[in-house]
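J.: Encoded as structure tokens, here's the structure I'll be asking about.
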Amino acid sequence: MDLHHGGWAREVDAELRPSQGKLPEGLAGTLYRNGPGNHLSDYVIDGDGLVSAVTFTPGRPVRVRSRYVRTPSYAAALGARAAGRDGAPRGDGPPVRLGGANAAGGRLRNALRLPASQANTSVAMIDGRLLALWEADLPWELEPGSLATLGRCDLDGAVGPSGAVGRRLGSPYSAHPCWDPATAELWNFGCVYGPRPSLEIYRTRKGGPTERLRSIRLPRRHMVHDFAMTATHLVFCLGPVVLDMPAMMSGRLTTFEAMRWHGDQPTRILLVPRAGGPFRVVETDPWFQWHFAGAYDDGADIVFDLVRFRSWTVMHEALSSLSHLTDASCSPVGRLWRYRVGPSGKVEGHQIHSLPLEFPTIDPRLATTAHRDVYGAAATEPGFGVAFSAVARYDTERGEADIHDYGPGHLVSEPLFVPGDPGRPDGRGWLIAYENEIAAGATNIVIFDAGAVADGPVCTLPVPESLGYTFHGQWVQA
């Protein structure tokens with residue numbers, strides 16, 4: 001699968017052996033990841049979800065398995081392929097409407113239709129259920145071992161649509177749930193872009209049902225991709241990116257084209273108490289973001305880290321073509337920032353490091369508490385395109401970065417932290433990521449010492465087939 005020109009990654013089920021280094025002793029669990037495995041559109045983030053599972057069992061070979069999520073979008077893509085289309089992007093459009101491309105057939109074919117779910121953004125184990133997530137639809141449940149698609153999952157009715165409008169607009173459940181290890185609670189949200197746009201808040205307690213806790217009316221149809229959570233609050237950043245619903249529903253513009261950047265308007269930080277009660281909104285300067293790294297309470301202050309971009313306009317242009325993966329003129333530079341919101345509403349922010357970064361993560365055991373290290377995919381060369389070629393650890397106290405760069409033509413995924421000793425949150429552990437050779441479409445699973453990233457991978461596991469361009473995932477300890 002040449003990531004420059006689309007195509008299809010084939011499903012795989014194979015044993016893996018190191019081509020470099022050796023496996024860390026005691027590594028036991030499964031790494032699940034999700035991302036586009038095919039491309040019927042030239043828009044970088046369009047593509048059917050290909051979920052992969054990499055299982056580490058001490059004393060046995062590593063095993064990898066990948067399966068497409070069997071959504072209607074995937075079925076339509078298979079049908080188009082069987083009809084003679086090879087799966088590469090074409091000028092007449094994909095077989096269904098996607099976020100970044102309208103379906104073949106013109107404006108009337110797309111009018112009053114929402115983009116088809118591709119279930120391609122993340123995968124998470126939620127109270128024993130393995131769910132493929134895409135923020136504009138219900139989750140899709142998978143069998144954890146075989147990765148077979150079991151169907152849409154409404155979390156026992158908590159996320160199900162209600163009323164005619166609800167059935168038309170669906171029940172979004174975001175691809176970025178937040179876990180609190182102290183309370184064994186998982187929180188999430190969904191943005192409903194109806195006549196009365198709202199933010200729906202969900203909570204799942206370990207061993208208990210998922211609950212819809214509250215609905216917050218949004219002033220506009222803000223694009224909200226992620227949120228952060230402290231021990232006391234949910235944190236949302238409502239940047240000035242607003243969906244022009246009439247333009248999108250008319251079929252004139254794609255969803256991402258209809259996302260309008262209003263750079264003269266502020267970013268609104270929405271702070272929602274987990275215990276209930278009134279929420280707060282504070283305004284600050286505008287920015288665009290996809291992802292938070294983490295958040296915590298510091299006395300009465302709320303502190304959170306995120307990757308900040310200049311605007312949505314720059315990001316949308318960069319994502320508009322697969323050729324931009326390595327196009328030096330299309331680098332939407334995002335950097336790690338830390339914000340602090342005081343009880344009076346005062347907002348303070350500063351850049352932690354100047355190195356371009358995306359897909360920030362922390363040790364998940366420190367979620368909702370103070371953290372020092374942030375891990376991510378980074379770029380060390382100017383004009384890197386959309387592809388991040390380096391694995392990085394950022395020390396937020398010293399403002400330093402520990403980096404290993406694979407160089408031009410390579411793309412690394414979000415690195416996930418795996419503890420060396422699950423019972424000791426001492427910062428020692430491993431980072432596991434996918435490293436892709438873009439032109440060849442080859443995937444390697446790479447493992448780093450989280451405290452010595454610059455030393456290079458301690459183990460490299462070549463995969464016989466591409467695992468696609470993955471966005472997010474989860475480590476599930478054995």
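The values are calculated or read from the model by the stated rules, or taken from the named source; none is laboratory data. Every value quoted in this text rests on a predicted model; they were computed, and no experiment measured them. Here Cβ is always computed from backbone atoms with ideal geometry, including for glycine, and neighbour counts include all displayed protein chains. Surface accessibility is based on the protein's heavy atoms, side chains included, excluding ligands, DNA and RNA. Shrake-Rupley method; radii C 1.70, N 1.55, O 1.52, S 1.80 Å.
J.: Quick one: in region 320-351, of everything that is assigned to a strand (DSSP E or B) and open to solvent by 60 Å² or more (accessible area, probe 1.4 Å), which residue is nearest to residue 257 (Cα to Cα)? Step through it out loud before you land on a result.
T.: Let us first name the residues in region 320-351 that are assigned to a strand (DSSP E or B), namely 334-341, 347-351.
This time we only want the ones that are open to solvent by 60 Å² or more (accessible area, probe 1.4 Å), so: 335, 340, 348, 350-351.
On the way: 335: 24, 340: 32, 348: 32, 350: 30, 351: 29 Å.
Filtering first and then ranking leaves 335.
J.: Can you pull out the residues in region 50-68 that are of a type in the set (Val, Ile, Thr) and modelled with pLDDT under 95?
T.: To start, the set of residues in region 50-68 that are of a type in the set (Val, Ile, Thr) comprises 51, 54-55, 57, 62, 64.
Correct list: empty.
J.: Filter region 126-142 down to residues that are open to solvent by 50 Å² or more (accessible area, probe 1.4 Å) and over 16 Å from the mean Cα position of the chain (by Cα) and give me whichever is modelled with the highest pLDDT.
T.: Ranking the candidates gives 129 first.
J.: Only residues that are farther than 12 Å from residue 159 by Cα and of a type in the set (Ser, Thr, Tyr): list them for region 180-214, please.
T.: 183, 193, 198
J.: Restricting the first residue to region 280-295 and requiring it to be of a type in the set (Lys, Arg), which pairs with a second residue that is assigned to a strand (DSSP E or B) meet a Cβ separation below 6 Å and a spacing of at least six or different chains?
T.: Close Cβ pairs (under 6 Å, with a partner that is assigned to a strand (DSSP E or B)) amount to 280/271.
J.: Any residue that is farther than 23 Å from residue 12 by Cβ and either at pLDDT 95 or above or touching a strand residue (DSSP E or B) at 6+ places or on another chain (Cβ under 7 Å) (or both) - is there at least one of those in region 69-81?
T.: yes
J.: Could you tell me whether region 359-367 includes any residue that is free of Cβ contacts under 8 Å to residues at least 24 places away in the same chain, assigned to a strand (DSSP E or B), within 19 Å of the chain's Cα centre (by Cα) and closer than 26 Å to residue 123 by Cα? Walk me through it before giving the result.
T.: Here is the first cut: in region 359-367, the residues free of Cβ contacts under 8 Å to residues at least 24 places away in the same chain are none.
Checking region 359-367: not a single residue is free of Cβ contacts under 8 Å to residues at least 24 places away in the same chain, assigned to a strand (DSSP E or B), within 19 Å of the chain's Cα centre (by Cα) and closer than 26 Å to residue 123 by Cα.
J.: If you don't mind, there's one more thing I want to ask. Could you please find all residues in region 413-442 being modelled with pLDDT of 95 or more and β-branched (Val, Ile, Thr)?
T.: If the condition is that a residue be modelled with pLDDT of 95 or more and β-branched (Val, Ile, Thr), then 418, 432 are the ones that fit.
J.: Restricting to region 175-198, name every residue that is among the hydrophobic types (A, V, I, L, M, F, W, C) and free of Cβ contacts under 8 Å to residues at least 40 places away in the same chain.
T.: Taking region 175-198 first, the residues among the hydrophobic types (A, V, I, L, M, F, W, C) are 175, 178-179, 182, 184, 186-187, 189, 191-192.
The answer is 184, 192.
J.: Same structure, new question: Within region 214-225, identify whether any single residue is of a type in the set (S, T, N, Q) and open to solvent by less than 30 Å² (accessible area, probe 1.4 Å), and answer yes or no. Break it down stepwise before answering.
T.: First, pick out the residues of region 214-225 that are of a type in the set (S, T, N, Q): 215.
After this cut, where a residue has to be open to solvent by less than 30 Å² (accessible area, probe 1.4 Å) as well, the list is none.
For region 214-225, residues of a type in the set (S, T, N, Q) and open to solvent by less than 30 Å² (accessible area, probe 1.4 Å): absent.
Quick grid of which residues meet (1) of a type in the set (A, V, I, L, M, F, W, C); (2) at pLDDT 95 or above:
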site	(1), (2)
5	no, no
8	yes, no
35	no, yes
39	no, no
46	no, no
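J.: A further question follows. Can you tell me which residues in region 273-304 are within 24 Å of residue 378 (Cα to Cα) and aliphatic (A, V, I, L, M)?
T.: Scanning region 273-304 gives 293, 295, 303.
J.: Go through (1) crowded, with 18+ Cβ neighbours inside 10 Å; (2) not in a loop (DSSP other than H, G, I, E, B) and name the single condition residue 46 misses.
T.: (2)
J.: Within region 10-27, which residues are open to solvent by 70 Å² or more (accessible area, probe 1.4 Å) and modelled with pLDDT under 95?
T.: 10, 25
J.: Also, I was wondering about something else. Mind checking whether some residue in region 273-281 is at pLDDT 95 or above, open to solvent by less than 30 Å² (accessible area, probe 1.4 Å) and under 30 Å from residue 356 (Cβ atoms)?
T.: no
J.: Still on this model: What number of residues within region 205-238 are among the small types (Gly, Ala, Ser) and either in a loop (DSSP other than H, G, I, E, B) or more than 28 Å from residue 308 (Cα to Cα) (or both)? Break it down into steps so the answer makes sense when it comes.
T.: Taking region 205-238 as the starting set, the residues that turn out to be among the small types (Gly, Ala, Ser) are 207-208, 215, 228, 231.
Next, only the ones that are either in a loop (DSSP other than H, G, I, E, B) or more than 28 Å from residue 308 (Cα to Cα) (or both) stay: 207-208, 231.
Residues that pass the stated criteria total 3.
J.: Also, quick follow-up: Which one is modelled with the highest pLDDT among residues in region 149-204 that are outside any strand (DSSP E or B), of a type in the set (A, V, I, L, M) and buried (at least 20 other Cβ atoms within 10 Å of the Cβ)? Let's see the steps before the verdict.
T.: Start the filter on region 149-204 by keeping residues that are outside any strand (DSSP E or B), which leaves 153-177, 181-184, 193-197.
Checking the rest, the ones that are also of a type in the set (A, V, I, L, M) come to 155, 158-159, 164-165, 169, 175, 182, 184.
Checking which are buried (at least 20 other Cβ atoms within 10 Å of the Cβ) leaves us with 155, 159, 175.
Numbers: 155: 93, 159: 91, 175: 98.
Selected residue: 175.
J.: Quick check on region 458-465. Is at least one of its residues in a strand (DSSP E or B), touching a Gly at 6+ places or on another chain (Cβ under 8 Å) and at negative phi? Spell out the reasoning first.
T.: Keep residues of region 458-465 that are in a strand (DSSP E or B), which gives 459-463.
Adding the requirement that they be touching a Gly at 6+ places or on another chain (Cβ under 8 Å) leaves 459-460.
Keeping just the survivors that are at negative phi gives 459-460.
Within region 458-465 (the criterion being in a strand (DSSP E or B), touching a Gly at 6+ places or on another chain (Cβ under 8 Å) and at negative phi), the answer is yes, since at least one residue qualifies.
J.: For region 388-443, which positions are open to solvent by 30 Å² or more (accessible area, probe 1.4 Å) and assigned to a strand (DSSP E or B)?
T.: 393, 400, 401, 403, 404, 405, 410, 430, 437, 442
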